[in-house]
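Here's the structure, in structure tokens; my notes come after.
The values are calculated or read from the model by the stated rules, or taken from the named source; none is laboratory data. Computed from a predicted model, the values in this text were never measured in an experiment. We place every Cβ from the backbone using ideal geometry, glycine too, and count neighbours over all the protein chains shown. Side chains are part of the model used for accessible areas, which takes the heavy atoms of the whole protein and leaves out ligands, DNA and RNA. Shrake-Rupley method; radii C 1.70, N 1.55, O 1.52, S 1.80 Å.
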Amino acid sequence: MLSHDTIAAARSAILRKDVSASDLARQAIARIEALNPEINAFNSHDAARALQVANDVDEGRIDGPLAGVPIALKDNLCTTWGTTTCSSKMLENFHAPYDATVVKKLEAAGAVLLGKCNLDEFAMGSSTENSAFGVTRNPWDATTVPGGSSGGSAAAVAASMACGALGSDTGGSIRQPAALCGLVGLKPTYGTVSRYGLVAFASSLDQIGPLTWTVEDAALLMNAITGHDDLDSTSVPAGPDHYADDYTKDLDVPVKGLKLGVVREFVEHEGIDPDVKKSVEAAIAIYEEHGAEIVDVKLPHAEYGIAAYYIIAPSEASSNLARYDGVHFGHRTAEPVEDIVELFSKSRAEGFGPEVQRRIMIGTYALSSGYYDAYYNRALKLRAKIRGGFDDAFKQCDLILTPTAPTPAFKIGEKANDPLAMYLCDIFTVVSNIAGNASLSLPCGFSTDPEKPLPIGLQLVGPNFSEAKLLRVARMLESVTDYHKRRPVVA
């Protein structure tokens, strides 16, 4: 593993000159080149560029709060270096003409950006099996999935190829991989992190956030990537009501006096794994022991979250992905065609994988004349009710605790041919995207498999702009457990 595998430890070691940024970058690159053939966390990496940046840190030409720390990016964030593929044949050779705002912010903070991580094609999936460039494997057990769609980013951190990573979350794509790989994953409030330069899947749901080993590391990345951006029309205005000056500031404030809500229907859901239920109940007991008041709350429309999500997200995807036709953007067929319609049809059929095609068809149907009111408008009305349910719940509590995923990591291929079973992996996470609020996953236990125990995640859900409080409450559980200190055994 890396000599210093957390962001805080790496930065402190570089400042003390216990390790140089160049040495740390070389360690990360060596692990990528040794482990990636099996784990397949990275679609691409640029060793020469990373080493140059690290050398500039060592020589004092680059400074900042993340100076010299190796960080990985999900391959749907635009960079002017390398390709931005979204793990799709459609964009296999795409070179972005600009950097995403979060990329610029990380570089301004001095981070050493290693490369681009695998994902479910266009971020559509919960296992990172829907990639045109192969399946990503979970470092805790290479026969299981790392979650998705940010599975490559999560696997890169869990395999100690990077100290931290950025992912994107449209229905749970940061939190679910974090849970399955034993990491902290934070989906910020919609609009607090600029989406400029994030290749769009579902624009009203997408959000960028950190994947890290510890709560402090997540806070450090939040310090770097949040803030208003004029280039993103959905970016919320600057101000203390929307952004914390320093997300690490209140991490160690006790939770005594806070009210934490529990949705019993989630904890006792019929599809939940017994080990997940046991770990979540144990975490709830720990919070109660440390002075938090546990209250039962209801989210009366949450059970319809998956149904609403799989109308809203595919509808927006069908619109966003219409631009990839082989003429305006994306792969163009080499087959002979008779007219422009056949060119579009063949290019899209060759460029998009089966899951993306399925969601485009669902979305196109839902938006078509005669069905718009029956499906899309109805889903939007349900969205308003789900959001109202959260507003009512947060009148009774500060945050809500739920499982992040119903099961630990499942076997590769186990759900690949059952889309509904795959969609239900996100049953506890999609509602936060629908409501737009902040939520976080952190390790709360391991499965009882004696040979290969797998991580289990606890989800904390908060109102809009509650990121600092989410991190504070997460830190409390982290401070009295050792789950964040365990590491998978990888070669």
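The set of residues from the stretch 306-324 being out of contact with any Leu (no Cβ under 8 Å at 6 or more places or on another chain) and either open to solvent by 60 Å² or more (accessible area, probe 1.4 Å) or under 16 Å from Leu91 (Cα atoms) (or both) comprises Ala317, Asn320, Leu321, Ala322, Arg323.
Among the residues in the stretch 69-92, are any of a type in the set (Gly, Ala, Ser), more than 19 Å from Ala154 (Cα to Cα) and assigned to a helix (DSSP H, G or I)? No, the conditions are met nowhere in the stretch 69-92. You will find that of Ala154, Ala162, the residue that is among the small types (Gly, Ala, Ser) and either assigned to a loop (DSSP other than H, G, I, E, B) or open to solvent by 10 Å² or more (accessible area, probe 1.4 Å) (or both) is Ala162 and no other.
Here Phe94, Phe133, Phe122 are screened, and the one residue that is open to solvent by less than 10 Å² (accessible area, probe 1.4 Å), over 22 Å from Val489 (Cβ atoms) and among the aromatic types (Phe, Trp, Tyr) is Phe122.
Mind checking whether some residue in the stretch 168-178 is under 27 Å from Glu121 (Cα atoms) and either of a type in the set (A, V, I, L, M, F, W, C) or surrounded by fewer than 24 Cβ atoms within 10 Å (Cβ to Cβ) (or both)? Within the stretch 168-178, one or more residues are under 27 Å from Glu121 (Cα atoms) and either of a type in the set (A, V, I, L, M, F, W, C) or surrounded by fewer than 24 Cβ atoms within 10 Å (Cβ to Cβ) (or both). In the stretch 205-217, the residues that are assigned to a loop (DSSP other than H, G, I, E, B) reach residues that are surrounded by fewer than 24 Cβ atoms within 10 Å (Cβ to Cβ) and among the hydroxyl-bearing types (Ser, Thr, Tyr) with C-beta atoms within less than 6 angstrom, at least six apart or across chains, in these pairs: Gln207/Tyr190; Trp213/Thr6; Thr214/Thr6. Do the conditions hold for Asp217, that is, is it acidic (Asp, Glu) and modelled with pLDDT under 95? So Asp217 does not fit the description; no. Whether any residue in the stretch 29-45 is buried (at least 17 other Cβ atoms within 10 Å of the Cβ), out of contact with any strand residue (DSSP E or B) (no Cβ under 9 Å at 6 or more places or on another chain), without any contact (Cβ under 8 Å) to a residue 60 or more places away in the chain and assigned to a helix (DSSP H, G or I) is what I want to check. No, that holds for no residue. Filtered by the rule that a residue be more than 14 Å from Val461 (Cα to Cα), under 21 Å from the mean Cα position of the chain (by Cα) and hydrophobic (A, V, I, L, M, F, W, C), the stretch 375-413 gives Ala409, Phe410, Ile412.
Whenever a residue of the stretch 223-247 is in contact (Cβ under 8 Å) with a residue 60 or more places away in the chain and outside any loop (DSSP other than H, G, I, E, B), its partners that are of a type in the set (Lys, Arg) and open to solvent by 40 Å² or more (accessible area, probe 1.4 Å), lying with C-beta atoms within less than 7 angstrom and at least six residues away or across chains, give the pairs Ala224/Lys105; Ile225/Lys105.
In the stretch 188-237, the qualifying residues are those that are within 20 Å of Gly457 (Cα to Cα) and charged (D, E, K, R), and the one that is least open to solvent (accessible area, probe 1.4 Å) is Asp217. In this structure, Glu350 does not qualify as acidic (Asp, Glu), open to solvent by less than 40 Å² (accessible area, probe 1.4 Å) and not in a loop (DSSP other than H, G, I, E, B). When the stretch 270-280 is limited to residues that are open to solvent by 40 Å² or more (accessible area, probe 1.4 Å) and either closer than 17 Å to Leu399 by Cβ or among the basic types (Lys, Arg) (or both), the one that is farthest from the chain's Cα centre (by Cα) turns out to be Lys278.
A Cβ distance below 7 Å, combined with a sequence gap of six or more or placement on separate chains, defines the contacts here; from the stretch 279-299, residues that are over 13 Å from Phe266 (Cα atoms) reach residues that are aliphatic (A, V, I, L, M) and open to solvent by 50 Å² or more (accessible area, probe 1.4 Å) in the pairs Ile286/Val480.
Scanning the stretch 353-371 for residues that are of a type outside the set (Gly, Ala, Ser), open to solvent by less than 70 Å² (accessible area, probe 1.4 Å) and touching a residue at least 24 places away in the same chain (Cβ under 8 Å) yields Glu355, Val356, Arg359, Ile360, Ile362, Leu367.
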